[in-house]
Amino acid sequence: MTISTMSELFVHGLQDVYYAENQIAKALQEIMTQVTEPALFDLLEHHVEETREQIARLEQIFKRLGRTPQGVTCQAVLGLIEEGQELQRTINNKQVLDTAILASMQAIEHYEINRYGTLIAWASELKRQGAQNTPSGEVDIVDLLQLSLDEERGQDARLTALADSKVNRHATRG
Ligand code: FE
Ligand code: FE
Ligand code: FE
């Protein structure tokens, strides 16, 4: 696929994050089974739901653009997931494992925050230049992406709060 316009670059970005979100949904469900701390389990479970909504939102955006939802391989998210799993396999202490899982989930949230931030900037510029028009009565593409960005930021903040209040302390105390 050759990309020569910002609209095409934007679509590629959507496909990248669409692929990433689907991988993340799978990874979250797998990793949840390894968690000991109930509050961490709840955060991950809650984020599986949010991730499903984010996938549906991306599908809504593809539809708006007259495209079939399609992913392109996101090497970055595959790497983040694989790196986390590789480390987790070597850990034989439950509390330390929770800390490692939490940290690896935050690395993924940060990737998503970065991607949604970029997509919002591109979509905003395309909108300013009239390359993307929102039919009346429909939610703007920028606003849809912003909802997902806010969820990723929210999850990141909740993970930080749980790490500080509990998970890191338990793991360090042993
Ligand atoms: Fe997400
Ligand atoms: Fe990517
Ligand atoms: Fe996320």
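The values are calculated or read from the model by the stated rules, or taken from the named source; none is laboratory data. Since the model is a prediction, treat every value here as computed from it, not as a measurement. Cβ atoms come from the backbone with ideal geometry, glycine included; neighbour counts cover every protein chain shown. For accessibility, only protein heavy atoms count, side chains too; no ligands or nucleic acids. Shrake-Rupley method; radii C 1.70, N 1.55, O 1.52, S 1.80 Å.
Brief remarks on what is shown
- Net charge contributed by nearby residues that have their C-beta within less than 11 Å of residue 101 (K/R +1, D/E -1): -2
- Accessible area of segment 78-170 belonging to carbon and sulfur atoms, whole % at 1.4 Å probe: 52 percent
- Coil-residue trypsin sites (Lys or Arg not before Pro) of segment 112-174, DSSP, other Cβ within 10 Å capped at 15: none
- Convex hull of Cα atoms in the chain, direction-averaged projection (nm²): 10.5 nm²
- Based on protein heavy atoms only, segment 79-132 ends up with 53 Å² per residue of surface accessible to a 1.4 Å probe.
- Residue-count net charge about residue 124 - beta-carbon cut-off 11 Å; Lys, Arg +1, Asp, Glu -1: -1
- Seen against the Cα atoms of the chain and their longest principal axis, helix 141-162 is set at about 10 degrees.
- Note on surface exposure: 164, 156 rank 164, 156 by accessible area, highest first, 1.4 Å probe.
- The chain: angle of helix 38-64 to the longest principal axis, Cα-based, in degrees nearest 10: 10 degrees
- Our note on the geometry: Cα centres of segment 4-74 and segment 99-174, 11 Å apart.
- Residue-averaged 222 nm ellipticity for the chain, from DSSP H runs of 4+ at -39500 (n - 2.57), nearest 500: -26500 deg cm²/dmol
- Reported value for segment 1-56: 78 Å³ per residue, from the convex hull of its C-alpha atoms.
- The HN-Hα couplings worked out from phi for segment 107-116 by the Karplus form 6.51 cos²θ - 1.76 cosθ + 1.60 (θ = phi - 60°) are 4, 5, 4, 5, 4, 5, 4, 4, 5, 5 Hz, whole numbers, x standing for Gly and Pro.
- Pairs of Lys residues in the chain, spaced 8 or more positions apart or belonging to different chains, with C-alpha separations under 24 angstrom: 4 in total.
- In the chain, the longest principal axis of the Cα atoms and the axis of helix 6-32 are about 20 degrees apart.
- In plain terms, if you count all Cα to Cα distances in segment 39-119 and split them into 5 Å steps from zero, the share in each step is 3, 12, 17, 23, 19, 12, 8, 4, 2, 1 percent.
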